[in-house]
1. Highest mean first, what order results for 46-56, 97-107 on Cβ atoms within 10 Å?
2. Among 129-140, 80-91, how do they line up from the highest to the lowest mean number of other beta-carbon atoms within 10 Å?
3. Just want to confirm a number: the relative contact order over region 31-172, from Cα pairs under 8 angstrom separated by 6+ residues, in percent.
4. One-quarter of the Cα convex hull surface for region 175-222, in nm²?
5. Highest GNM mean-square fluctuation, the chain, Cα pairs closer than 10 Å: which of Ala183, Ala197, Ala14?
6. About the Cα centre of region 31-172, how large is the charge dipole given +1 on each Lys and Arg Cβ and -1 on each Asp and Glu Cβ? Please answer in debye to the nearest 20.
7. With contacts defined as alpha carbon pairs under 8 Å and 6 or more residues apart, what's the relative contact order of region 82-128 in percent?
8. Alpha carbons only, please: Rg and Dmax for region 104-222, in angstrom.
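Every number in this text was worked out from the coordinates using simple rules, so none of it is lab data. As the structure is a computational prediction, the values presented were derived from the model and not from experiment. All Cβ positions, glycine included, derive from the backbone under ideal geometry; neighbour counts span all protein chains shown.
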Amino acid sequence: MTTTGTRDIVAELARYSTSALSDALDRLGIEGQALGIKPLDREFRLAGRAFTGLYQPVGAAGGTVGDYIDDVPPGSVVVLDNRGRMDATVWGDILTAVAHRRGLAGTVIDGVCRDSARALEVGYPLFTRGSTMRTGKDRVTLAAVDVPVTVGEVVVHPGDILIGDADGIVVVPASSEDEVLEAATAIEEAEDRIRAAVESGERLDEARRRLAYHSLQTRIDA
């Protein structure tokens, strides 16, 4: 179910850590944990809807790494599927500068970036498999934008919500965003009650048992 109206569900989901959202996804049976994708800086935080780009190796017909950045709506997360390649970048300092100036929420790459110092300098959230200096020009080409892509083994559709923090990236499908928010809220409230119980002197094992800690993330239809 997709939220409509003036409610900002992106901001509501962004209140939760990726750990809490990961448990909520597990509870709903949704594969949304983008494995192997990490922030360049552990302080980076990211939340927004996906604007996607799909890359492929350059063939005989040639092609470029693409000029799409001016068409990305402010507040969006650029999500680039470069098939996990570690030998050809698809993001550098010019893209960082333009994205930062245009108010984009960040960039997530199944692959690598370069010119990482610029992202750190301006505080632009970049989540990737790493960084290197080797250009993607003449090595990869932008095949399509605004199409389903795969990042960290997770399929991302345009408009899905991505949340990122020090532990990585989770993808919340637009079709399930309300359910994920509800599950994350319930899980966080239960964990808050456990923390309060322990601080008041209750044994951790007793508090966990009483509040069903070990099944908070268990799939609800299992």
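1. Top of the packing list down: 46-56, 97-107.
2. Descending mean neighbour count gives 80-91, 129-140.
3. 41 percent
4. About 3.5 nm², averaged over all directions.
5. Highest fluctuation of the listed residues: Ala197.
6. The dipole of region 31-172 has a size of about 260 debye.
7. 46 percent
8. Taking only Cα atoms of region 104-222, I get Rg and Dmax of 19.8, 63 Å.
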